[in-house]
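Colleague: The structure is given below, and queries will be raised subsequently.
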Amino acid sequence: MLGYYIFLSWILHRTGYEHSEAMFVAEKVKLFFEAHDNTLLTIGTTYPTVIFLSSVIFVPFGYPYAPVLASISFTVLLIFFLLNDFQQSKLPRRVFIPMIAILFTFHPGLIYSAISGRGVAAILFFVYMVFRSIFKFYEQNTTYYLSVTSIFLSFLIFCEYNFVWMLLAFFPFIFLVALDGLKHVKEQPVVIQLFEALNLSSLRRKLVDRTAAIYLMVFLLPVTVLFVYKLLNYIHAGNQNYFLISQYANWHVVGSEYIGNILKTGATDSVNFQSQIIFQFYVLGLTPMLLLVFFIFKGKMYELFTLFVPFILLAILLLDNQTFITIEFYLILLIIALVGIYFYAGKKFNVKYLYPIVIIVAVINVFTGIYYFKHTGDSEERIFYDAFLKMKKLDYNKKTSEEYDLAAYISNIVDDTHKILMDDAAAFKIMAHLRSLKPVVMPVDNHYITVAENPKLGVKYICIAKAANPLRNFTVWNDYDYKQMQLRQKFQSVIMYETENWAIYKVL
């Protein structure tokens, strides 16, 4: 699978496709190695941290390709754990190998997570490890697995901040686990257990103590790590939430699609489903594998409550539904379904009848994944799907992106005495492709404000975001502000190079 994903990523790269999150991470890694000022600010505030640091490992293969190799590695690691775990399950190889092969070879969402360079693959891997540890706790009743769950949950939060709401989503599961641990009523039905535990003072006190202990065991580590990270952000940037709200620290600030903007474009297919009333059914419809798991776990209350955790999480996210919910929150349901099949399939139902059902459901999941990408409201996902379809017609002439061409031009005209002023809030894709950052004056430099106030004294060129650039509002170096600065400071410039979204000016 490693070779398969590398080959797909190579073909996709030849179409000129580059995901903006991958380029954002690549640019931050480039800053980490090449920028001389504020290195601690780059390390301590770039988020998501796990995706950023994992990309550092693959820098020898090139900055733009490092995030792609990181996402491929997380996907291959996930496949390895799946195959290793299923090998120990009740399902024979002729069942789980075709199922996993079909999903990871043909499901467009899993292919996207592997080769786009986004952090989706890391999210899926740690989601799998979190729920795998929880189900192992059910199986062996060893608190070690709760501690492991806490560790993986910390990693998951540092892949995507919204998973912090699992602290609330897991509460029903923790309460049931604590209730099950009351030995006086353990053999009775859950309703009787709850009735006696709440009405007997000794059991009620024991239930509260046990619930609090398990809750602390699972969530104390992620909460503590998050607190320390916010403290570091406050020290380095003066704002504890800098990693969430700054366009210099978090790609989601510039890359998330606001639902209002999507509605203006008319692409309302999947946006209409993102409401509390029908979204849960829509997500479930896209994951028939989870429907199969619900059937398999019929009568297993603790497992069913655990499987409902992502639905509680999605319900919480929809309370403040300003941005479009992207593919990672759909794919986690598929990964959780695989955890359920691994732990329980084959124990209750005859494998002879389960085999064709599993394969059929896996194939249906591929088609629901295609349906999602055909109707997604996220522009980056639509661009990926269009580029993926073009891969069938391999063009021997490699295409390059607009930002790659700009970076090539800039690299040829700048040097240590002829520098260029750039703002990586909007120009991070260009900076990721530059041969060197030495001739670039950027916000991370200590003297950036001085040069920005009087460009004539510090730089020879300026990179400007044009009116058509969707990121123009995230930087003052757009065409409007640049013209206003020319009028105030009365300096002249001449345009040297321009594309649809960018223009390079020479300061005279």
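The values are calculated or read from the model by the stated rules, or taken from the named source; none is laboratory data. Since the model is a prediction, treat every value here as computed from it, not as a measurement. Please note: Cβ atoms are built from the backbone with ideal geometry, for glycine as well, and neighbour counts cover all protein chains shown. Each accessible area value is taken on the protein alone, full model and side chains, heavy atoms only, with ligands, DNA and RNA left out. Shrake-Rupley method; radii C 1.70, N 1.55, O 1.52, S 1.80 Å.
Colleague: Being polar (S, T, N, Q) and surrounded by fewer than 17 Cβ atoms within 10 Å (Cβ to Cβ) is the filter here, so list the residues in segment 214-255 that pass it.
Modeller: Thr224, Asn239, Gln240, Asn241
Colleague: To continue, here is another question. Specify the residue that is least open to solvent (accessible area, probe 1.4 Å); the eligible residues are those in segment 52-64 that are of a type in the set (Ser, Thr, Tyr) and farther than 17 Å from Ser436 by Cβ.
Modeller: Ser55
Colleague: Could you tell me whether any residue of segment 443-462 is touching a His at 6+ places or on another chain (Cβ under 8 Å) and open to solvent by 60 Å² or more (accessible area, probe 1.4 Å)?
Modeller: yes
Colleague: Would a scan of segment 101-118 turn up a residue that is charged (D, E, K, R) and surrounded by fewer than 21 Cβ atoms within 10 Å (Cβ to Cβ)?
Modeller: No, because not a single residue in segment 101-118 is charged (D, E, K, R) and surrounded by fewer than 21 Cβ atoms within 10 Å (Cβ to Cβ).
Colleague: If you don't mind, another one. Looking at Arg132 and the list (1) over 16 Å from Leu221 (Cα atoms); (2) under 24 Å from the mean Cα position of the chain (by Cα); (3) open to solvent by less than 10 Å² (accessible area, probe 1.4 Å), which single condition is not satisfied?
Modeller: (3)
Colleague: Exactly one of these conditions fails for Leu338: (1) surrounded by fewer than 19 Cβ atoms within 10 Å (Cβ to Cβ); (2) closer than 21 Å to Leu83 by Cβ; (3) modelled with pLDDT of 85 or more. Give me its number.
Modeller: Evaluating Leu338 over (1) surrounded by fewer than 19 Cβ atoms within 10 Å (Cβ to Cβ); (2) closer than 21 Å to Leu83 by Cβ; (3) modelled with pLDDT of 85 or more leaves (1) as the failure.
Colleague: Considering only residues of segment 36-51 that are within 18 Å of the chain's Cα centre (by Cα) and among the hydrophobic types (A, V, I, L, M, F, W, C), which is surrounded by the fewest Cβ atoms within 10 Å (Cβ to Cβ)?
Modeller: Val50
Colleague: While we're looking at this one, here's another question. Of the residues that sit in segment 460-493 and are at pLDDT 90 or above and over 30 Å from Asn261 (Cα atoms), which one is farthest from the chain's Cα centre (by Cα)?
Modeller: Lys460
Colleague: Looking at Ile464, is it in contact with a helix residue (DSSP H, G or I) (Cβ under 6 Å, 6 or more places away or on another chain) and in a strand (DSSP E or B)?
Modeller: Yes: the conditions hold for Ile464.
Colleague: Residues in segment 233-246: is at least one among the small types (Gly, Ala, Ser), closer than 21 Å to Pro48 by Cα and in a helix (DSSP H, G or I)?
Modeller: The answer is yes, given that some residue of segment 233-246 is among the small types (Gly, Ala, Ser), closer than 21 Å to Pro48 by Cα and in a helix (DSSP H, G or I).
Colleague: Just the residues that are open to solvent by 20 Å² or more (accessible area, probe 1.4 Å) and in contact (Cβ under 8 Å) with a residue 60 or more places away in the chain, please, taken from segment 18-35.
Modeller: Scanning segment 18-35 gives Glu18, Glu34.
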